[in-house]
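**Q** I have a structure here, written as C-alpha coordinates, and I will follow up with some questions on it.
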(Lines give C-alpha, C1' and ligand atoms only; values in the text may rest on other atoms or scores of the structure.)
Protein backbone atom coordinates (compact mmCIF):
# COMPACT_ATOMS: atom_id res chain seq x y z
CA UNK A 1 0.00 0.00 0.00
CA UNK A 2 1.24 3.50 -0.83
CA UNK A 3 2.38 5.68 2.11
CA UNK A 4 -0.07 8.51 1.32
CA UNK A 5 -2.99 6.09 1.18
CA UNK A 6 -1.85 4.36 4.38
CA UNK A 7 -1.65 7.64 6.35
CA UNK A 8 -5.13 8.53 5.12
CA UNK A 9 -6.51 5.05 5.94
CA UNK A 10 -5.26 5.13 9.54
CA UNK A 11 -6.77 8.61 9.94
CA UNK A 12 -3.52 10.47 10.39
CA UNK A 13 -4.58 12.97 7.72
CA UNK A 14 -8.10 14.01 6.79
CA UNK A 15 -7.63 13.59 3.04
CA UNK A 16 -5.23 11.69 0.84
CA UNK A 17 -4.19 14.88 -0.96
CA UNK A 18 -3.16 16.49 2.35
CA UNK A 19 -1.08 13.39 3.09
CA UNK A 20 0.57 13.63 -0.35
CA UNK A 21 1.33 17.35 0.19
CA UNK A 22 2.95 16.66 3.56
CA UNK A 23 5.07 13.93 1.98
CA UNK A 24 6.19 16.36 -0.75
CA UNK A 25 7.25 18.79 1.99
CA UNK A 26 9.53 16.05 3.43
CA UNK A 27 7.57 15.78 6.68
CA UNK A 28 7.16 12.02 6.40
CA UNK A 29 9.95 9.45 6.54
CA UNK A 30 10.33 5.71 6.91
CA UNK A 31 13.36 4.47 8.88
CA UNK A 32 14.85 8.01 8.85
CA UNK A 33 14.69 8.28 5.04
CA UNK A 34 12.40 10.79 3.37
CA UNK A 35 9.95 9.15 0.99
CA UNK A 36 7.77 9.85 -2.01
CA UNK A 37 4.01 9.30 -2.07
CA UNK A 38 4.44 6.14 -4.11
CA UNK A 39 6.62 4.40 -1.48
CA UNK A 40 5.14 1.08 -0.44
CA UNK A 41 4.52 0.47 3.27
CA UNK A 42 5.13 -2.99 4.78
CA UNK A 43 4.29 -4.39 8.21
CA UNK A 44 7.12 -3.63 10.63
CA UNK A 45 8.04 -0.24 9.09
CA UNK A 46 8.56 2.68 11.47
CA UNK A 47 6.95 5.84 10.06
CA UNK A 48 7.98 9.27 11.35
CA UNK A 49 5.65 12.21 10.71
CA UNK A 50 6.21 15.88 11.58
CA UNK A 51 2.78 17.37 12.39
CA UNK A 52 1.74 20.25 14.70
CA UNK A 53 5.44 20.91 15.43
CA UNK A 54 6.02 17.51 17.02
CA UNK A 55 7.50 14.30 15.64
CA UNK A 56 5.14 11.33 15.69
CA UNK A 57 6.50 7.80 15.36
CA UNK A 58 4.38 4.76 14.60
CA UNK A 59 5.03 1.16 13.74
CA UNK A 60 2.95 -0.56 11.08
CA UNK A 61 1.33 -3.80 12.30
CA UNK A 62 -0.97 -4.59 9.37
CA UNK A 63 -2.11 -2.98 6.14
CA UNK A 64 -5.79 -1.98 6.07
CA UNK A 65 -7.92 -2.67 3.01
CA UNK A 66 -9.69 0.70 3.23
CA UNK A 67 -10.13 3.71 5.53
CA UNK A 68 -10.70 2.63 9.14
CA UNK A 69 -12.99 3.72 11.89
CA UNK A 70 -11.17 5.51 14.71
CA UNK A 71 -11.66 2.60 17.11
CA UNK A 72 -9.93 0.16 14.73
CA UNK A 73 -6.74 2.18 14.21
CA UNK A 74 -4.81 0.52 17.12
CA UNK A 75 -5.13 -2.82 15.32
CA UNK A 76 -3.00 -1.49 12.45
CA UNK A 77 -0.42 0.84 14.05
CA UNK A 78 1.40 1.19 17.37
CA UNK A 79 2.22 4.69 18.62
CA UNK A 80 5.93 4.97 19.46
CA UNK A 81 6.01 8.76 19.95
CA UNK A 82 8.10 9.94 22.90
CA UNK A 83 6.19 11.40 25.87
CA UNK A 84 8.21 14.64 25.80
CA UNK A 85 6.78 15.36 22.33
CA UNK A 86 3.25 15.17 23.74
CA UNK A 87 4.32 17.38 26.68
CA UNK A 88 5.59 20.03 24.25
CA UNK A 89 2.27 19.95 22.42
CA UNK A 90 0.32 20.23 25.69
CA UNK A 91 2.45 23.18 26.86
CA UNK A 92 1.97 24.94 23.52
CA UNK A 93 -1.80 24.51 23.77
CA UNK A 94 -1.86 25.80 27.35
CA UNK A 95 0.12 28.89 26.40
CA UNK A 96 -2.41 29.67 23.64
CA UNK A 97 -5.34 29.33 26.06
CA UNK A 98 -3.71 31.94 28.30
CA UNK A 99 -4.88 34.78 26.04
CA UNK A 100 -8.51 33.75 25.69
CA UNK A 101 -10.61 31.04 27.28
CA UNK A 102 -11.41 28.16 24.98
CA UNK A 103 -14.67 28.65 23.09
CA UNK A 104 -14.98 32.39 23.63
CA UNK A 105 -13.92 33.29 20.11
CA UNK A 106 -13.17 36.78 18.93
CA UNK A 107 -14.40 39.88 20.76
CA UNK A 108 -17.75 41.23 19.58
CA UNK A 109 -18.20 44.80 18.39
CA UNK A 110 -19.67 45.69 21.76
CA UNK A 111 -16.64 44.21 23.52
CA UNK A 112 -14.35 46.20 21.22
CA UNK A 113 -16.24 49.46 21.90
CA UNK A 114 -16.07 48.82 25.64
CA UNK A 115 -12.34 48.18 25.41
CA UNK A 116 -11.76 51.27 23.27
CA UNK A 117 -13.86 53.39 25.63
CA UNK A 118 -11.93 52.09 28.60
CA UNK A 119 -8.50 52.67 27.07
CA UNK A 120 -9.38 56.08 25.61
CA UNK A 121 -10.82 57.32 28.92
CA UNK A 122 -7.79 56.21 30.91
CA UNK A 123 -5.37 57.87 28.44
CA UNK A 124 -7.24 61.21 28.64
CA UNK A 125 -7.34 61.07 32.45
CA UNK A 126 -3.62 60.31 32.59
CA UNK A 127 -2.75 63.23 30.27
CA UNK A 128 -4.88 65.66 32.25
CA UNK A 129 -3.47 64.52 35.56
CA UNK A 130 0.10 64.88 34.26
CA UNK A 131 -0.67 68.37 32.92
CA UNK A 132 -2.12 69.36 36.29
CA UNK A 133 0.88 67.89 38.09
CA UNK A 134 3.35 69.88 36.02
CA UNK A 135 1.23 73.04 36.18
CA UNK A 136 1.05 72.81 40.00
CA UNK A 137 4.77 72.14 40.32
CA UNK A 138 5.60 75.03 37.98
CA UNK A 139 3.40 77.39 40.02
CA UNK A 140 4.97 76.20 43.29
CA UNK A 141 8.50 76.70 41.99
CA UNK A 142 7.69 80.21 40.68
CA UNK A 143 6.26 81.19 44.08
CA UNK A 144 9.34 79.94 45.88
CA UNK A 145 11.80 81.64 43.49
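The values are calculated or read from the model by the stated rules, or taken from the named source; none is laboratory data. All values reported here derive from a predicted model rather than from experimental measurement. Note that we place each Cβ from the backbone using ideal geometry, even for glycine, and neighbour counts take in every protein chain shown.
**Q** Out of everything in the range 35-52 that is surrounded by fewer than 14 Cβ atoms within 10 Å (Cβ to Cβ) and in contact with a strand residue (DSSP E or B) (Cβ under 8 Å, 6 or more places away or on another chain), what residue ends up being nearest to residue 76 (Cα to Cα)?
**A** 43
**Q** Which of the residues that make up the range 68-82 are surrounded by 12 or more Cβ atoms within 10 Å (Cβ to Cβ), under 26 Å from the mean Cα position of the chain (by Cα) and under 17 Å from residue 13 (Cβ atoms)?
**A** Within the range 68-82, 68, 73, 77, 81 qualify.
**Q** A follow-up question, please. Check residue 115 against each of (1) part of a helix (DSSP H, G or I); (2) surrounded by fewer than 12 Cβ atoms within 10 Å (Cβ to Cβ); (3) touching a helix residue (DSSP H, G or I) at 6+ places or on another chain (Cβ under 8 Å) and name the one condition it does not meet.
**A** Among (1) part of a helix (DSSP H, G or I); (2) surrounded by fewer than 12 Cβ atoms within 10 Å (Cβ to Cβ); (3) touching a helix residue (DSSP H, G or I) at 6+ places or on another chain (Cβ under 8 Å), residue 115 violates only (3).
**Q** Inspect the range 88-99 for any residue being in contact with a strand residue (DSSP E or B) (Cβ under 7 Å, 6 or more places away or on another chain) and either surrounded by 13 or more Cβ atoms within 10 Å (Cβ to Cβ) or modelled with pLDDT of 90 or more (or both) and give the result as yes or no.
**A** yes
**Q** Residue by residue through the range 14-27, note down the ones that are closer than 12 Å to residue 37 by Cβ and out of contact with any strand residue (DSSP E or B) (no Cβ under 7 Å at 6 or more places or on another chain).
**A** 16, 17, 18, 19, 20, 21, 23, 24, 25
**Q** Also: List the strands (runs of 3 or more DSSP E) that sit entirely inside the range 1-104 and contain at least 1 residues that are touching a residue at least 60 places away in the same chain (Cβ under 8 Å).
**A** 77-79
**Q** So which of 48, 53 is under 25 Å from residue 92 (Cα atoms) and at pLDDT below 90?
**A** The conditions single out 53.
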